[in-house]
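Below is one structure; the comments refer to it alone.
Every number in this text was worked out from the coordinates using simple rules, so none of it is lab data. Note that the coordinates shown come from a computational prediction; the quantities given were computed from them, not determined experimentally. When we count neighbours, we look across all protein chains shown, and the Cβ atoms used for this are built from the backbone with ideal geometry, even at glycine.
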Amino acid sequence: GAGVSQSPRYKVAKRGQDVALRCDPISGHVSLFWYQQALGQGPEFLTYFQNEAQLDKSGLPSDRFFAERPEGSVSTLKIQRTQQEDSAVYLCASRLQGSTEAFFGQGTRLTVV
Amino acid sequence: DAKTTQPPSMDCAEGRAANLPCNHSTISGNEYVYWYRQIHSQGPQYIIHGLKNNETNEMASLIITEDRKSSTLILPHATLRDTAVYYCIVRVAGSGGYQKVTFGTGTKLQVIP
């Protein structure tokens, strides 16, 4: 596909359940970002990868959040022991090396019940 | 990254120009002004960016004041499909590397038939 693909589009989890959200960036894009967007708010930065290296994870809200990109392409955001406050849309974006434009996926809407 | 201030909402009649203001009074000399928009249920989409000169592309025009403390995004002929939340962001841009983006809450533009 031509764009950033995220799956699943919707996820309902019971409180305490672990979830894994997947991001397929645009092929060849070195930079990959994860954002969290609460209802009515702008996206908030979570973490950044350059290839397989996680260079900034300062936005991850707690140690229950973990992201990886082992081969420098597909990335997974994992949330352990989900809580209601984790309910949000999780957005992934990728960017070509040297480019200023980031391309976003449609996001995964996580609802914790 | 410098903070930005945007009105929370605006209306615009279809076919008219939409002028979306942004204040960034603490912008640094090496920070660019970026605009993204987010249509309902989609990820943010890059629109345009600039440093100090006015910029135009197929989507919009960006007017930056001489002191760079504010800017205006202009959609010359708004259509119903332009209804979205518009985010003004300031950040350092370079030839590579990492620049974290802080979105804020943006301006919700409603285009009215």
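Miscellaneous remarks
- Here A:106, A:97, A:84 are screened, and the one residue that is polar (S, T, N, Q) and under 15 Å from residue A:14 (Cα atoms) is A:84.
- Flag for residue B:36 being within 22 Å of residue A:30 (Cα to Cα) and under 13 Å from the mean Cα position of the chain (by Cα): yes
- Per the listing A:66, A:33, the residue uniquely more than 23 Å from residue B:41 (Cα to Cα) and part of a strand (DSSP E or B) is A:66.
- Residues satisfying the stated conditions in the range A:76-113, i.e. within 14 Å of another protein chain (Cβ to nearest Cβ) and surrounded by fewer than 14 Cβ atoms within 10 Å (Cβ to Cβ): A:97, A:98
- Within the range B:26-57, the residues that satisfy the criterion of being more than 14 Å from chain A (Cβ to nearest Cβ) and either touching a Lys or Arg at 6+ places or on another chain (Cβ under 6 Å) or not in a strand (DSSP E or B) (or both) are B:26, B:27, B:28, B:29, B:52, B:53, B:54.
- The numbered conditions (1) more than 28 Å from residue A:55 (Cβ to Cβ); (2) charged (D, E, K, R); (3) buried (at least 18 other Cβ atoms within 10 Å of the Cβ) are all true for residue B:37 except (1).
- Here B:6, B:38, B:42 are screened, and the one residue that is without any contact (Cβ under 8 Å) to a residue 40 or more places away in the chain and within 20 Å of residue B:101 (Cα to Cα) is B:42.
- Looking across the range A:77-99, the residues that are in a loop (DSSP other than H, G, I, E, B) and under 23 Å from residue A:18 (Cα atoms) come down to A:80, A:81, A:82, A:83, A:87.
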